[in-house]
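Some notes on the structure that comes next.
The values are calculated or read from the model by the stated rules, or taken from the named source; none is laboratory data. Predicted model only: the values in this text are computed from it and were never measured. Here Cβ is always computed from backbone atoms with ideal geometry, including for glycine, and neighbour counts include all displayed protein chains. Please note that ligands, DNA and RNA were not included when accessible areas were found on the heavy atoms of the full protein model with its side chains. Shrake-Rupley method; radii C 1.70, N 1.55, O 1.52, S 1.80 Å.
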Amino acid sequence: MATIAELALTKIYPQTTISLGGGSNVYKLAQVLKQHPELKLTLVSPSEYTRVACQELGLAVRPLNATDHIAIAFDGCDAVDQSLNALKSNGGIHTDEKIYAQAADQYILLATPEKVGLTLPNTVQLCLEVIPAAVPQVLDRCRQLGLQAVHRRDEAVAAFARTPRGNSLVDVYASDWQAIDTINMQLVNFNGVISSSYFKDVVTAVITLDQQGNAVEITKEA
């Protein structure tokens, strides 16, 4: 019985560049890659946590500008729907993850079954990366749209959370995400918003587990 990481390994060709995003399943894939030095992979990552974890495993991670092509970008998610649109909100590095995704031939999510559903659940928020000076205006804009919005705090220290660029994070909640395409467009087009955690038409496949616990791949064609 293959695990999610083991099935992901079968997608990888030797001597290619692979991106490892965030999440426990991506870390498990890194552990599997450690066992296969014969693949001679070049690794990159948008996640500081993943870069450190790879270094601790003895895997070298290069900066994105050191390569001009990514074969596959593997990543985790907080929720993904049947159309393979995803919310990647809790990590707060969605801007970086989108940069790596758009540089890759394939963008594959590694997700446990509870994160895969017919629709995106309202229990997962839409996260915005926002220039700090624009946060009050963005919060007000969300209220105008009938949404709840919170300036995210850092759980480790008495401060607001910051992205790698020093920007703020605003978490947005709705009663449901049936209109997420419209909501997302209204918010990302608002001045001061850098990007959102909604990944539409970016994901090429999802590797998850079926009801028997077997790793399976879901594609848009399936």
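Just the number, please: carbon plus sulfur as a percent of the accessible area of the stretch 99-222, 1.4 Å probe, no ligands or DNA/RNA counted.
Of the solvent-accessible surface of the stretch 99-222, carbon and sulfur hold 51 percent.
Please return the longest range in the chain lying between exposed loop sites, taking GluC sites (Glu not before Pro), DSSP loop only, at most 14 other beta-carbon atoms within 10 Å, and leaving the sites out.
The longest such stretch corresponds to 1-154.
Would you kindly state how much longer the chain becomes between VAL32 and ALA133 on full extension, computed as 0.36 nm times their sequence separation minus their alpha carbon distance, in nm to one decimal?
Using 0.36 nm per residue and subtracting the Cα-Cα distance, I get 32.1 nm.
How long is the stretch 135-222 along each principal axis, judged by its Cα atoms, biggest number first, in Å?
In descending order, the Cα extents are 46, 33, 25 Å.
I'd like the trypsin sites (Lys or Arg not before Pro) in the stretch 4-108 restricted to DSSP loop residues with at most 16 other Cβ atoms within 10 Å, sorted by number.
Of the trypsin sites (Lys or Arg not before Pro), the ones in loops of the stretch 4-108 whose Cβ has at most 16 other Cβ atoms within 10 Å are LYS11, LYS40.
Taking the Cβ-Cβ separation of THR182 and ASP210 as r and a Förster radius of 35 Å, what is the calculated FRET efficiency to the nearest 0.05?
0.60
Among the DSSP beta bridges whose two residues both lie in the chain, what percent are antiparallel, rounded to the nearest 5?
Here the share of antiparallel DSSP bridges comes out near 60 percent.
Can you tell me the accessible area per residue over the stretch 1-78, all protein chains present, probe 1.4 angstrom, in square angstrom?
Accessible surface, normalised per residue, equals 52 Å².
How long are the semi-axes of the equivalent ellipsoid of the stretch 55-180, defined as square roots of 5 times the Cα gyration tensor eigenvalues? Whole Å, largest first.
27, 21, 14
For the stretch 3-60, which semi-axes, largest first and in whole Å, follow from the square roots of 5 times the eigenvalues of its Cα gyration tensor?
Listed largest to smallest, the semi-axes of the stretch 3-60 are 16, 13, 10 Å.
Provide Rg and Dmax in Å for the stretch 111-166, with only Cα atoms included in the calculation.
Just the Cα atoms of the stretch 111-166 yield Rg and Dmax of 14.2, 39 Å.
Give me the distance in nm between label points sitting 7 Å out from Cα along the Cα-to-Cβ direction at ALA60 and GLN106, one decimal.
2.5
What is the percent carbon and sulfur in the accessible area of the stretch 1-84, measuring with a 1.4 Å probe over the protein chains and ignoring ligands?
Looking at the stretch 1-84 in its full context, I get 50 percent from C and S.
Measuring from the lowest to the highest alpha carbon on each principal axis, how far does the chain reach, largest first, in angstroms?
55, 36, 31
Over the Cα atoms of the stretch 22-129, each weighted equally, I'd like the Debye log10 I(q)/I(0) at q = 0.10, 0.23 Å⁻¹, rounded to two decimals.
After summing over all Cα pairs, the log10 values are -0.29, -1.38.
Rounded to the nearest Å, what's the spacing between the alpha carbon centres of the stretch 11-48 and the stretch 69-107? Just the number, please.
Centre-to-centre (Cα) distance: 15 Å.
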